[in-house]
Amino acid sequence: MSEQAEMSEQGKVTWIGKPVPRREDRPLTAGAGRYMADIEMPGMLYMVVLRSPQAHAKIVSIDTDAARAMPGVHAVYTAADLPEELKPFPVIWRPPVLKDDSIAALASDRVRNVGEEVAVVVADTQQIAEDARELIRVKYERLPANVDPIKALEPDSPRIRDEWDDNVAALFPFRNGDVDAAFAEAAHVVDGHFKINRHAAMPMETRGVVASWDALTETLTFWSMSQAASLLRTELAKSLDLPDNAIRVMTPNVGGAFGAKWDRYAEDLLACVATRRLGRPVKWMEDRREHFQSTVHAREQIQDWEMALDEDGRILGVRGRAVADLGSCVPSSGIGTQWVTGNTIPNQYKFENYSADIIAVLTNKARAGSYRGFGGPESNFPMERLMDKAAKELGVDPAELRFRNQIQPEDMPYPTATGMAVYDTGDYPGALRRALEMVGYEKLREEQPKLREQGIYRGLGIGCYVHCTGFGPSAMLGMINYDTSGYEGARIRIDPGGKVTVYTGMIPLGQGTETSLAQIAADSFGIDMDDVRVVWGDTSQTPYTGFGSGGSRSNLAMTAVMNAAEQLKAKMIRIAAHTLEASPDDVEFADGHLSVRGVPDSGLTMPEVARIAYLAHSLPEGEEPMLQTQQVFDPPGFGWAYGCHVGVVDVDIQTGMMDWKRYVIVDDCGPMVNPLIVRGQIEGGVAQGIGGALLEEMVYDEAGQPMTSSFMDYLMPTFHDVPDYEIDHLVSPSPHIRGGFKGMGESGVMAPAAVVANAIVDALAPFGIEVDELPITPNVLWRKLRDAGAFEDGRSAASVG
């Protein structure tokens, strides 16, 4: 047995809770991984995309003659060349308030953002395809561009869609309680105008596909990095007018996704059209500039919120609106991200009256879709800023105000103020209390005045958060018009030698899925992890999963594996009982061994039972040969993870630079299957949250031209920009999931923006500075300090460059 396995108090081999190194890392760190760029096939052709250089324009004409005539070019397609039966990709989340839209393969008469697909070239080599692309001549008639989501709401604003009467894709209202009465009786009202910056997932590996049509069998093999392979297969079948069983989606190693690879893209359809017409495999790989322009962006929202409180500082109600910039097209997830923002504004706090208008607007930018956190960071930032504003208004400590308003453990399950969410379990005050203890909160507060006398402006920022995980109850998804399922399946096969193979529809993206599922299976059977193989990334072998790897849903796959293992264990017990001439009730299964209760040295091993099952010479009456089963788990409710972050920063008032001193995290994702993986996910999430708070921003000029199209302009966090993390855990098992597991892949990204802003505002409290817009750059802080009169030498903004 491996060193990582331990014996429980009951003497059982256990893998759950052990910090096992990720098994999927072994080939990757040795350079033996197989990514999309590594896939080569005989006769392969290469596809490149001609993209619009205009943010908004009519396509007057496209001349492809020179490109088609170039040696080595096999095809040039414009919208006019695509088959009539080709359908655009649909929007998956379609509430009744959302206007009709879809994701087309190529622009036909009009382009709506820089980077939109206009034509494709397919050639013998990548270089020939790129050279031919340069020969395509497109004549555009420029139209006014719309880049400001607030201006896009104006009646005379340029229309993105002629068939719509305005630029509003959807207005989703949240209404609960009597908000007007709550504000009428409030002793205190605080408000804020908040801006969440447009930024995006930046995986190391950009997008890519390989499509191969077999005319003999009339089947399509499609290599994709999609986080939702089964769902992609179903959507490809609809768009291409093929049956589902004619399409096989394969997934190689994926160099990061972070939500951006959950969405559907035009290149998926274009590669499929090309391979069917040309009869040869077609490959497309995105370059980094294309990624900046055409892979979904995220986050951008402009919000206004008010909070009403009584004399004691207890929240009476919250009201406001969020205007979200969807870009030029409604993404695959519809207004899902924005809906989650509205649904999680209440955060950890206890109040009943809530009113919010979530407005999704089209502009002439790249479409905004899925990104890690999926609307959660966009709600956490304004709510946690409001809590600090309220504490300042009341003259109480920010931590104390949170304690007064937090939902208590005995309140669980707790229906939130949105009327559309029920928290399952949690000790919110316990997480805050533990985080304050870890950071030494009281001592830091005592030190602050003395440090300021020395010219050291130190601040503390608190960020409490909730995180909806196990995104999946199918019935609930149906209630909110999500056109996909939420269950997760697992198939387990035990071979004649007693080795276990787990088949999963989940896609490993760096989150440790393969390792975690192997731990669950090994723990269930009481065997070594090395005796478990996990198969993923092939829809012809793996169970159907409607949602895919996203929404922190690995816990659903874990439950499906546990259920399938229990079913196989029950079958092995029946076979062993028949062989041992005992009652199944008298046979126990422990550590891969089946024996008569009270006689542990008797019995059979798993390999011996497996051989009996496959030979089928002597099975119980009615028992089928072999050992294999499939289980599907559809959770009855969501699992809500939660936690608290506390950050400590020093701000240099002469430069606006910020320096991390401490960063404390207390997280509760239920029982941890693998603490090492949990830590890695938290650290990565916090780094992404800090990047979005301090550095990252997709900038467009007034004409809709992207000003950030490379890492020269778009700043990513490095090790110098993130603090050392101090992490602790609470454990509140979810009643909806076997094992109590909650998802945790997105928890780390929820609170950092609020923590950073609250810490900076606290540090600069002597100057009365508020920070409600992201990103918070040194230049932004320097100008705020200058305007607040913080400098004695009267330097101008130009003096810092």
Exercise for review: Report those strands (runs of 3 or more DSSP E) wholly inside the stretch 79-179 carrying at least 2 residues which are in contact with a helix residue (DSSP H, G or I) (Cβ under 8 Å, 6 or more places away or on another chain), surrounded by 14 or more Cβ atoms within 10 Å (Cβ to Cβ) and not aliphatic (A, V, I, L, M).
Suggested key: 168-176
Check your understanding: In the stretch 423-439, is there at least one residue being outside the structural domain of GLY548 (by TED's automatic domain parsing) and under 30 Å from ASP325 (Cα atoms)?
Key -> yes
Exercise for review: Look at ARG276 and say whether it is under 23 Å from PRO90 (Cβ atoms), surrounded by fewer than 23 Cβ atoms within 10 Å (Cβ to Cβ) and in contact (Cβ under 8 Å) with a residue 12 or more places away in the chain.
Suggested key: yes
Check your understanding: of a type outside the set (Gly, Ala, Ser), open to solvent by 70 Å² or more (accessible area, probe 1.4 Å) and either within 33 Å of the chain's Cα centre (by Cα) or not assigned by TED's automatic domain parsing to the domain that holds GLY592 (or both): does that describe ARG26?
Key -> yes
Review point. Taking into account only those residues within the stretch 362-409 that are in contact with a His (Cβ under 9 Å, 6 or more places away or on another chain) and of a type in the set (D, E, K, R), which is nearest to VAL771 (Cα to Cα)?
Key: GLU393
Revision key, fill the gap. By residue number, the members of the stretch 688-730 that are loosely packed, with under 14 Cβ neighbours inside 10 Å and farther than 21 Å from GLU290 by Cα are THR718, PHE719, HIS720, ASP724
Practice item. For the stretch 56-68, state whether one or more residues are open to solvent by less than 30 Å² (accessible area, probe 1.4 Å), modelled with pLDDT of 95 or more, outside the structural domain of GLU514 (by TED's automatic domain parsing) and under 32 Å from the mean Cα position of the chain (by Cα). Key: yes
Exercise for review: May I ask you to say which residue of ALA215, ALA211 is among the aliphatic types (A, V, I, L, M), surrounded by 24 or more Cβ atoms within 10 Å (Cβ to Cβ), at pLDDT 95 or above and assigned by TED's automatic domain parsing to the domain that holds ALA274?
Suggested key: ALA211
Review point. When you scan the stretch 505-601 for strands (runs of 3 or more DSSP E) that lie fully inside it, which ones turn up with 3 or more residues that are open to solvent by 10 Å² or more (accessible area, probe 1.4 Å)?
Key: 532-535, 587-590
**Study point:** Residue under evaluation LYS350, criteria (1) under 24 Å from the mean Cα position of the chain (by Cα); (2) outside the structural domain of SER747 (by TED's automatic domain parsing), criterion not met
**Key:** (1)
Revision key, fill the gap. Of those in the stretch 29-55 that are under 30 Å from ASP530 (Cβ atoms) and among the hydrophobic types (A, V, I, L, M, F, W, C), the residue surrounded by the most Cβ atoms within 10 Å (Cβ to Cβ) is MET36
Revision key, fill the gap. Exactly one of MET712, MET657, MET716 is hydrophobic (A, V, I, L, M, F, W, C) and without any contact (Cβ under 8 Å) to a residue 60 or more places away in the chain, and that one is MET712
Exercise for review: Test GLY334 against the criterion of being part of a loop (DSSP other than H, G, I, E, B) and touching a helix residue (DSSP H, G or I) at 6+ places or on another chain (Cβ under 7 Å), and give yes or no.
Suggested key: no
Exercise for review: Could you identify the single residue in ASP304, ASP287, ASP244 that is open to solvent by 10 Å² or more (accessible area, probe 1.4 Å), under 30 Å from ASP701 (Cα atoms), in contact with a Ser or Thr (Cβ under 8 Å, 6 or more places away or on another chain) and modelled with pLDDT of 95 or more?
Suggested key: ASP287
Practice item. Give the stretch 756-776 a look and list any residue that's of a type outside the set (A, V, I, L, M, F, W, C) and closer than 18 Å to ILE302 by Cβ, or say none. Key: GLU770, ASP772, GLU773, PRO775
Check your understanding: When you scan the stretch 180-208, how many residues do you find that are within 27 Å of the chain's Cα centre (by Cα) and open to solvent by 60 Å² or more (accessible area, probe 1.4 Å)?
Key -> 3
Exercise for review: Have a look at ALA435, ALA366, ALA431 and point out the one that is part of a loop (DSSP other than H, G, I, E, B), among the hydrophobic types (A, V, I, L, M, F, W, C) and crowded, with 23+ Cβ neighbours inside 10 Å.
Suggested key: ALA366
Exercise for review: Looking only at the stretch 614-634, decide whether some residue is hydroxyl-bearing (Ser, Thr, Tyr), assigned to a helix (DSSP H, G or I) and open to solvent by 40 Å² or more (accessible area, probe 1.4 Å).
Suggested key: yes
Check your understanding: With respect to the numbered conditions (1) at pLDDT below 95; (2) touching a strand residue (DSSP E or B) at 6+ places or on another chain (Cβ under 9 Å), which one is the sole condition not fulfilled by TYR140?
Key -> (1)
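The values are calculated or read from the model by the stated rules, or taken from the named source; none is laboratory data. Because the structure is predicted, anything quoted here is derived from the model rather than measured. All Cβ positions, glycine included, derive from the backbone under ideal geometry; neighbour counts span all protein chains shown. For accessibility, only protein heavy atoms count, side chains too; no ligands or nucleic acids. Shrake-Rupley method; radii C 1.70, N 1.55, O 1.52, S 1.80 Å.
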